[in-house]
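Structure record follows, encoded as structure tokens.
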Amino acid sequence: QVQLVESGGGLVQAGESLGLSCAASGSVARLGAMGWYRQAPGKQRELVAQMTSAGIRKYGDSVKGRVTISVNNVEKTGYLLMNGLKPEDTAVYYCHAVLTPLGSEFPNPYWGQGTQVTVSS
């Protein structure tokens with residue numbers, strides 16, 4: 001069964017750094033775009049960072065300059081490094097990827113289980 005397994009997250013102080021990872025597990029033929037979204041209580045889910053299979057990166061306006069995304073296509077694992085964290089970065093972070101399972105012709109979107117990031121002031 002194809003799924004995204006997230007790790008990282010936790011409680012940090014403002015100004016500190018934190019890394020998240022997301023691994024596609026199961027029988028995956030191809031990895032397309034991979035990235036992270038986040039959702040804070042009472043707010044809509046928003047883009048944090050995304051990287052396409054062509055290596056094009058896109059960052060949310062609220063995190064630009066503080067976040068870096070990278071993807072290892074061989075390991076089918078993505079990494080998100082967040083620097084200079086602020087209390088307003090507190091949210092549940094969800095990994096998202098477009099994956100083509102083995103034996104399937106078409107890619108499908110998948111979501112990770114989400115990981116809590118809490119930044120204290």
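Data overview
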{"quantity": "Members of the stretch 11-23 that are more than 17 Å from GLU75 (Cα to Cα) and open to solvent by less than 30 Å² (accessible area, probe 1.4 Å)", "calculated": "VAL12, LEU18"}
{"quantity": "Failed item, numbered, when GLU88 is tested on (1) touching a Gly at 6+ places or on another chain (Cβ under 8 Å); (2) touching a residue at least 12 places away in the same chain (Cβ under 8 Å)", "calculated": "(1)"}
{"quantity": "Residue within the stretch 59-71 that is out of contact with any Pro (no Cβ under 7 Å at 6 or more places or on another chain) and in contact (Cβ under 8 Å) with a residue 40 or more places away in the chain present", "calculated": "yes"}
{"quantity": "Members of the stretch 95-109 found to be in contact with a strand residue (DSSP E or B) (Cβ under 8 Å, 6 or more places away or on another chain), without any contact (Cβ under 8 Å) to a residue 60 or more places away in the chain and either assigned to a loop (DSSP other than H, G, I, E, B) or crowded, with 20+ Cβ neighbours inside 10 Å (or both), listed by number", "calculated": "PHE106"}
{"quantity": "Which numbered condition GLY112 misses (of (1) more than 10 Å from the chain's Cα centre (by Cα); (2) buried (at least 18 other Cβ atoms within 10 Å of the Cβ))", "calculated": "(1)"}
{"quantity": "Of all residues making up the stretch 52-91, the number that are farther than 18 Å from GLY19 by Cβ and either surrounded by 13 or more Cβ atoms within 10 Å (Cβ to Cβ) or among the acidic types (Asp, Glu) (or both)", "calculated": "7"}
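The values are calculated or read from the model by the stated rules, or taken from the named source; none is laboratory data. As the structure is a computational prediction, the values presented were derived from the model and not from experiment. A quick note on method: Cβ atoms are made from the backbone with ideal geometry, for glycine too, and the neighbour counts reach across all protein chains shown. Keep in mind that these areas ignore ligands, DNA and RNA; they rest on the heavy atoms of the full protein, side chains included. Shrake-Rupley method; radii C 1.70, N 1.55, O 1.52, S 1.80 Å.
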